[in-house]
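The values are calculated or read from the model by the stated rules, or taken from the named source; none is laboratory data. Because the structure is predicted, anything quoted here is derived from the model rather than measured. For neighbour counting, all protein chains shown are included, and Cβ atoms are generated from backbone atoms with ideal geometry for every residue, glycine included.
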Amino acid sequence: MHCPFCQHEDTRVIDSRVSDDGATIRRRRECAACGERFSTLETIELKLPNIIKSDGRREPFDARKLRHSFDRALHKRPVAEEQVEAAVRAVVHRLRMTAEREVESRRVGEFVMAELRRLDHIAYVRFASVYRAFQDVADFREELDRLERELPPGEGQLPLLGEDEPRPEKGRRR
């Protein structure tokens, strides 16, 4: 590692620490020539696959686009930032585990839908409506029916507001 101050080639590591997420290592270094100290960050460089778009174009994977997709689907939904970050990491991890040089964008979309389905059903349906290009209300209804069939018991629709409260008898005013 070259010293950023004097460009000397010999620096030594004084201290190393792993970041909170375990993905980077922060190293504190000192130059043997000028004595200046500086920090470096070390990260693993893994090549993610290129994405094959529906029109046949190929482009490098872009994590910002992935995050943007999650943000749009989850707009104004009660999902914690940490959960969104974990979902993005899960999709990136699945892409790495494919060990393929190229992956179709449809497959990435399926990975995203699986994570959204786990996080928030409304966000899942939002994303699916764009991703699967729903044409009418019947497409929405079909997807909602499929989602409801696949939900574990007790995770269905929430009761409407006030449904548990006793209702006044008809014809009587309070």
### Message
I'm told Arg64 meets every condition in (1) within 30 Å of Glu148 (Cα to Cα); (2) out of contact with any Pro (no Cβ under 8 Å at 6 or more places or on another chain); (3) of a type outside the set (Val, Ile, Thr) except one. Can you identify the failing condition by its number?
### Response
(1)
### Query
Can you find even one residue in segment 123-134 that is at pLDDT 90 or above and either surrounded by 16 or more Cβ atoms within 10 Å (Cβ to Cβ) or over 11 Å from the mean Cα position of the chain (by Cα) (or both)?
yes
### Task
Within segment 80-116, track down each residue that is more than 22 Å from Ser129 (Cα to Cα), crowded, with 18+ Cβ neighbours inside 10 Å and of a type in the set (Gly, Ala, Ser).
none
